[in-house]
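I have placed the structure first, in the form of structure tokens, so that the comments after it can refer back to it.
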Amino acid sequence: MDLFDKCGKFRRAKDLIDAGVYPYFRAIDESNCTRVTIDGHELVMIGSNNYLGLTHDPRVVEASVEATRKYGTSCTGSRFLNGTLSLHEELESELADFLGFEACAIFSTGFQVNLGVISAIASKNDVIFCDRENHASILDACRMSLADTKRYRHNDLADLEEKLQLAKPEAGKLIVVDGVFSMVGQIVDLPGLIALAKKYGARIMIDDAHSVGVLGKTGSGTIEHFGMRGASSGVDLVGGTFSKSLASLGGFVVGNTEAIHFIRHVARSLMFSASCSPSNTAAALEAVRIIRSEPERLKRLWANVDKMKTGLDALGYDTMNSTTPIIPIKIGGETETFAFAKELYEAGVFVNPVVPPGAPIGMVRTSYMATHSAAELDQALAIFRKLAHRVDATAG
């Protein structure tokens, strides 16, 4: 059998193309943050993770350009060898302080954070407890680790406790979970998780990719959302990415000095990958500083979220109990999901259709920015109003 036989037999995407509803790899020709142009068609962008709208902020752009002038376009090596810049260390210090932890290590992508950290921390004779709806990077990291992985039902602390009870007392235990679940927009029950970790002697790692810059009074993430502060909360490690609110590309993990020192010297995705580029590092650093100095940006984000959540609910859409800037709309079947997304696209709104296994049910994922204007949100709501009859809120 030819190894590539599976490639020719793969029909799922081709069937969508043939049906005229294929929604992926759409090339954006122009972007001004809240609006994009694709093939001459202008759309309101409500499918981005650019929650604070910082990708086009002149200060972030200028910081990125200036770093390129100073350091060049790439570090051409890993952090471990020739790829560490003083700029990397400056960002690590800023992030550790912002999030309330002793130390930080930055990676080239958020995906690499989970791959490297989880497989380094949890090894043979250890047990990982993983929410079933965690991000794919967490699931892949669990597969890479030599630890035994126990997946518990989504946000189900009773199921998690049953699995913790069955673990050998001498085993090292790591609970790893998303702070905000990226498809359905729900927030983890962190206080309950911390209580279980203390009861059973487990460590906690939270992936705050969709929480930093979004949750909490100052935007420092899930821990702050629940009225706690950094390391004193009982959370041991917080990972995240620069590719959402931090307007860049890269990732980070914060924790105590000893754990971060270990990760720097053991995490293979850090040791054997080229370091975060100067431009990306500088952009993320500037974004963190803007978040810390401009709390009104966070207020604008939540005002926009409240407007859209209220509007979509009033139109009869099922927004799946989201409590974040990620507002999914339940559709049901795969065909119906892709068809509805296409109608939204043609009417002038960019959304992301997601079907199992990427989501628990067929849905369109919408997400909002601090920089969306009232007129843009009104335009989007008018389109949703026009198409509301196309969606059965009881589907699935």
The chain, relative contact order in percent, only Cα pairs under 8 angstrom and at least six apart counted: 23
Between the range 178-237 and the range 316-345, the alpha-carbon center distance in angstrom: 26
Nonlocal amide H pairs with residue 35, under 5 Å, H built at 1.01 Å: 45
For the chain, accessible area per residue (1.4 Å probe, heavy atoms of protein chains only), Å²: 44
Burial order of peptide ranges 205-215, 21-31 (average beta-carbon count within 10 Å, highest first): 205-215, 21-31
Value of Rg to Rh for the range 245-396 (Rh from inverse mean 1/r over Cα pairs, i.e. Kirkwood): 1.08
Within a Gaussian network of the chain (alpha carbon springs, distance under 10 Å), most fluctuating of 368, 51, 345: 345
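With r defined as the distance between the Cβ atoms of residue 27 and residue 373 and R0 fixed at 30 Å, what FRET efficiency is calculated, to the nearest 0.05?
Values: r = 25 Å, r/R0 = 0.83.
The value I calculate is 0.75.
Which shape class, rounded, prolate or oblate, goes with the range 176-262 when its Cα gyration tensor gives a ≥ b ≥ c as root eigenvalues, a/c under 1.5 marks rounded, and past that a/b bigger than b/c marks prolate? Before the final figure, lay out each step's value.
Working: a/c = 1.73, a/b = 1.24, b/c = 1.39.
Oblate, because a/c is 1.5 or more while a/b does not exceed b/c.
Rank by packing, highest mean first: peptides 289-299, 111-121, 310-320, with packing defined as the count of other Cβ atoms within 10 Å averaged across residues.
Working: 289-299: 15.4, 111-121: 26.1, 310-320: 16.9.
By packing density, highest mean first, the sequence is 111-121, 310-320, 289-299.
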Extended-chain gain in nm, criterion 0.36 nm per residue less alpha-carbon gap, residue 102 and residue 38: 18.6 nm
Residue 82-residue 261 pseudo-label distance in nm [points 7 Å out on the Cα-to-Cβ vector]: 2.8
Quarter of the Cα convex hull surface for the chain, i.e. its orientation-mean projected area (nm²): 21.0
Chain lengthening between residue 218 and residue 342 when straightened (0.36 nm per residue, less Cα-Cα): 40.9 nm
Cut-off under 5 Å, modelled amide H: who pairs with residue 173 long-range: 127, 203
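Let me know the charge dipole size of the chain about its Cα centre in debye, to the nearest 20, where only the beta-carbon of Lys, Arg (+1) and Asp, Glu (-1) is charged. Working shown, then result.
Values: 41 positive and 47 negative charges, 84 e Å.
My answer is approximately 400 debye.
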Whole-Hz couplings from phi, Karplus 6.51/-1.76/1.60, listed for the range 236-251; x for Gly and Pro: 8, 9, 10, x, x, 9, 8, 8, 10, 5, 8, 6, 8, 9, x, x
Calculated [θ] (222 nm, deg cm²/dmol) that DSSP helices of n ≥ 4 give over the chain, each run adding -39,500 (n - 2.57): -12500 deg cm²/dmol
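In whole percent, and with a 1.4 Å probe on the protein chains, what portion of the accessible area of the chain is carbon and sulfur?
Here it works out to 54 percent.
The values are calculated or read from the model by the stated rules, or taken from the named source; none is laboratory data. Just so it is clear, the model here is predicted, and its values are computed rather than measured. Cβ: placed from backbone, ideal geometry, glycine included. Neighbour counts: every protein chain shown. Accessible surface is based on the protein model in full, side chains and every heavy atom, while ligands, DNA and RNA are left aside. Shrake-Rupley method; radii C 1.70, N 1.55, O 1.52, S 1.80 Å.
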